[in-house]
Amino acid sequence: MDLLRSGTRFIPKTLNDDGDNAVTYLPAADTTELEKQRGYKPLYVGLGLVGLAAVLTLTTGLLVWHFHLRREEMILKKMYFGSMSITNQRFIDSYNNPNSQEFQQLGVQVYLFTAHQCCLPSLSVAVCLSASKTYTYHIGKLPTGTIESPGFPNSPYPSDTYIQWRLHAERGHRVQLMFDYFDLEDDCQKDFIRVYDSLVPLEQQVMTEKCGYYKRNEPLSVVSSGNVMLLTLVTNKEKNYPGFRATYSQVPLQSQDCGGKLTGLKGTFTSPNFPSHYPPQTTCVWDIEPVKSNNKCPKDHVEVNNEKICGYKPYITVVTVRDNRTTVTFKSDMSYVDTGFTADFEAFVPTNPCPGKFACANNLCINNPLTCDGWDDCGDNSDERNCKCGSDQIQCRNGLCKSKFWLCDKVNDCGDNTDEGNCGSCQSGDFSCRNGGCISENLKCDGRPDCPDGSDESKCSRSVVMQCSEYTYQCKNNQCISKLNPECDEDVDCEDGSDEADCQCGKRPYRHSRIVGGQDSSEGEWPWQVSLHVQGSHVCGASIISDRWLVTAAHCVQDNVEVKYSQPQQWEAYLGLLVQSQSNKWTVKKNLKQIIQHPGYNKDSYDNDIALMELDSPVELSQNIWPVCLPSATHDFPPGKSVWITGWGDTMELGFAASILQKAEVRIINSTVCETLMEGQTTPNMMCAGVLEGGVDACQGDSGGPLSFIETSGNVFLAGVVSWGDGCARRNKPGVYTRVTKYRDWIKRSTGV
Ligand code: 4AZ
């Protein structure tokens with residue numbers, strides 16, 4: 001890297017140029033004008049004073065309005081950076097030091113301005129951020145080093161700060177920056193880092209901008225194209241998170257493993273550094289034959305068979321080359337890098353591309369039994385087209401066949417709603433009541449219950465007081481209201497306000513919206529999750545419902561010949577834990593005072609699979625230890641809605657337990673469908689949830705843990721307790737959970753919660 005890089009090019013003038021002529025001075029005040037006005041002094045003084053008072057009043061008013069009343073509008077922070085490049089100079093290390101002779105000599109020629117201040121605009125005044133710092137590191141003498149946000153990990157990083165870290169590698173090297181811990185605010189408008197492929201913060205050389213949380217097993221790593229890199233941190237004045245820690249090092253320019261000849265009938269290749277970020281300004285060519293380009297994907301892309309591929313592709317992308325050779329080219333431009341790609345290639349005989357298998361339209365080969373089974377196995381649905389639907393399937397209008405299980409389960413499985421039409425007996429224009437029966441749509445939300453169960457008034461902005469039933473919510477004053485799930489929805493519906501009392505439960509201290517893919521949870525994401533240990537090992541999960549009580553599965557506390565699991569002294573409860581065997585300052589270990597197994601628990605059918613555990617002393621609640629909300633007996637968790645399972649159980653059937661708390665999103669499954677899928681082994685005290693394509697489920701070791709439902713208000717409710725299943729993550733075999741609503745009164749009676 002030889003030049004100070006920048007967008008604006010500036011070639012310094014020589015000192016002999018007419019430097020002075022270029023300077024324009026502000027004109028001096030014209031004194032003769034003042035003398036002419038002398039005769040009218042008293043009148044002007046009077047008018048002047050009135051005018052001055054008016055201007056002062058107006059200015060004061062404006063200032064008060066601006067700084068006090070316009071506060072809301074001033075929150076938006078803007079940052080201004082400026083920079084210039086000097087294209088006719090080689091960069092030498094001494095230019096890093098403004099006091100060096102070399103820097104000062106350069107400064108004589110160029111009025112050099114390294115802009116690193118960020119400002120809040122207010123009227124015409126620029127208010128600078130409270131702190132702004134620059135650190136410079138030279139890699140080489142020491143091969144690696146660490147950068148941390150100030151205060152990491154024990155105290156919050158500072159607010160309203162702009163910090164930059166300049167990294168120099170030796171000539172012929174790139175800078176590599178690897179974040180091993182990253183947790184900033186989720187909103188990149190507030191706190192964020194930026195990594196630049198330059199020494200000054202130039203928009204056109206931003207490699208990446210990050211905020212939010214990155215899991216420990218999701219490497220966040222960037223590599224520069226040359227031997228410099230700049231990391232910047234900008235924070236606002238709000239909530240401060242733990243921050244980040246990163247390791248920097250240098251890698252030889254030539255070391256990059258990219259491009260080359262690919263031989264053999266099968267193989268895999270990836271973009272450089274995959275799954276970390278590829279470097280900017282990189283071209284890799286794998287094998288043979290150049291191809292014509294088109295103008296799709298003008299920025300970073302992969303080009304194969306004259307086709308450019310870019311952006312995020314959540315599904316497999318298949319490209320077929322009808323030739324015995326091809327070229328794959330990967331190109332990145334100078335800004336914004338990403339994690340790249342991984343690709344498999346396989347040679348095939350054109351006359352028989354998928355011997356013994358089904359050839360998808362996108363040329364993927366799948367096993368024959370996967371065709372016409374109602375699941376999209378090809379990724380382009382071609383295995384589900386032109387099928388003759390079986391007697392156990394329904395024919396969707398769009399030609400697909402779907403299992404009769406999915407008929408009227410409130411999930412649009414066909415994609416065109418064929419499976420969800422004609423489900424009630426009501427005509428169009430009629431409303432179908434939850435417990436059957438039809439009423440005119442006009443009667444919905446008219447303030448009077450017209451359906452026998454009041455369901456025509458259950459999803460309205462106003463609630464109606466009506467006779468108590470399984471479809472109503474009972475307030476503390478024993479009045480029943482029609483609104484569905486009124487608890488903690490931020491509207492007071494009960495006359496006594498009891499539906500909005502005690503709504504601190506189920507709140508999570510952080511937002512975790514930026515996690516994509518993967519299954520690791522983050523610190524404090526599920527603060528009600530408990531790990532129950534026996535003899536030093538994790539055995540089951542549980543959920544915190546108060547500072548004294550946990551809910552778990554009855555089968556977790558069932559004695560066997562070796563261990564008396566029903567005895568409280570056998571157990572240790574770990575609260576606020578993320579990684580097994582890695583307690584931190586938020587983790588609390590508790591012993592138990594008592595265990596209450598549900599009296600109706602049936603060890604053969606797993607009916608009433610629920611138990612309560614009392615801690616031997618109350619736990620101090622914190623951001624990582626917090627109770628989940630218990631749903632009222634009539635709370636509805638409708639099929640098709642998304643719920644979260646969490647636990648340290650096995651990560652596959654007959655697999656190993658997880659070390660980091662895992663999470664997975666599944667959907668609630670209609671009870672009738674579930675009863676059929678589970679061959680009649682479910683009871684009304686159970687509910688099913690899963691992903692019926694298979695691959696996502698709870699497993700051994702997750703038992704007793706929560707099935708968490710996140711309500712729109714943000715409060716999380718305990719919908720279920722992990723109970724049983726037919727293996728783990730098998731197709732058409734959902735997980736079975738204890739239906740917590742059935743036990744609301746029993747929990748209240750047993751614990752007072
Ligand atoms: C278990 O053995 C277990 N697939 C829990 C849940 C499931 C299966 C087994 C659901 O604890």
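The values are calculated or read from the model by the stated rules, or taken from the named source; none is laboratory data. Everything numeric here is computed off the predicted structure, so don't read it as measured data. Counting neighbours? That spans all protein chains shown, and the Cβs are built from the backbone with ideal geometry, glycine included.
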Could you give every pair whose Cβ atoms fall below 8 Å, whose first residue belongs to segment 394-407 and is outside any loop (DSSP other than H, G, I, E, B), and whose second residue is at pLDDT below 85 and exposed (fewer than 14 other Cβ atoms within 10 Å of the Cβ), counting only separations of at least 6 or pairs across chains? Ser403/Asp392; Lys404/Asp392
Check segment 650-658 and report whether any residue there is touching a Phe, Trp or Tyr at 6+ places or on another chain (Cβ under 7 Å), modelled with pLDDT under 95 and not charged (D, E, K, R). yes
Quick one: which residue in Ser605, Ser622 is surrounded by 14 or more Cβ atoms within 10 Å (Cβ to Cβ) and within 16 Å of the ligand (Cβ to nearest atom)? Ser605
In segment 715-731, how many residues are in contact (Cβ under 8 Å) with a residue 40 or more places away in the chain and either β-branched (Val, Ile, Thr) or near the ligand (Cβ under 10 Å from one of its atoms) (or both)? 10
Can you name every residue in segment 717-728 that is more than 12 Å from Tyr606 (Cβ to Cβ) and buried (at least 24 other Cβ atoms within 10 Å of the Cβ)? Phe717, Leu718, Ala719, Gly720
Can we say Asp430 is surrounded by fewer than 21 Cβ atoms within 10 Å (Cβ to Cβ) and within 15 Å of His635 (Cα to Cα)? no
Return the residue satisfying two criteria in turn: it lies in segment 691-714 and is under 22 Å from Val411 (Cα atoms) and acidic (Asp, Glu), and of such residues it is nearest to the ligand (Cβ to nearest atom). Asp697
Would you mind finding the one in Val696, Val666 that is part of a loop (DSSP other than H, G, I, E, B), within 30 Å of the chain's Cα centre (by Cα) and not polar (S, T, N, Q)? Val696
Selection within segment 358-386 - exposed (fewer than 15 other Cβ atoms within 10 Å of the Cβ) and either farther than 20 Å from Arg322 by Cα or modelled with pLDDT of 90 or more (or both): Asn367, Asn368, Pro369, Asn386
Residue check: is Leu692 at pLDDT below 90 and of a type outside the set (Gly, Ala, Ser)? yes
Restricting segment 625-653 to residues that are assigned to a loop (DSSP other than H, G, I, E, B), of a type in the set (A, V, I, L, M) and away from the ligand (no atom under 16 Å from the Cβ), which is nearest to Ser543 (Cα to Cα)? Val628
Anything in segment 472-492 that is in a loop (DSSP other than H, G, I, E, B), over 14 Å from Cys445 (Cβ atoms) and touching a strand residue (DSSP E or B) at 6+ places or on another chain (Cβ under 9 Å)? List them, or say none. Thr472, Cys475, Gln479, Asn485, Pro486, Glu487, Cys488
Going through Leu550, Leu577, Leu592, Leu532 one at a time, which residue ends up being hydrophobic (A, V, I, L, M, F, W, C), modelled with pLDDT of 95 or more, part of a loop (DSSP other than H, G, I, E, B) and in contact with a strand residue (DSSP E or B) (Cβ under 7 Å, 6 or more places away or on another chain)? Leu577
How about segment 675-690: which of its residues are more than 19 Å from Phe709 (Cα to Cα), within 15 Å of the ligand (Cβ to nearest atom) and not in a loop (DSSP other than H, G, I, E, B)? Leu677
Show me the strands (runs of 3 or more DSSP E) found entirely inside segment 128-191 where at least 2 residues are crowded, with 17+ Cβ neighbours inside 10 Å. 161-168, 173-183
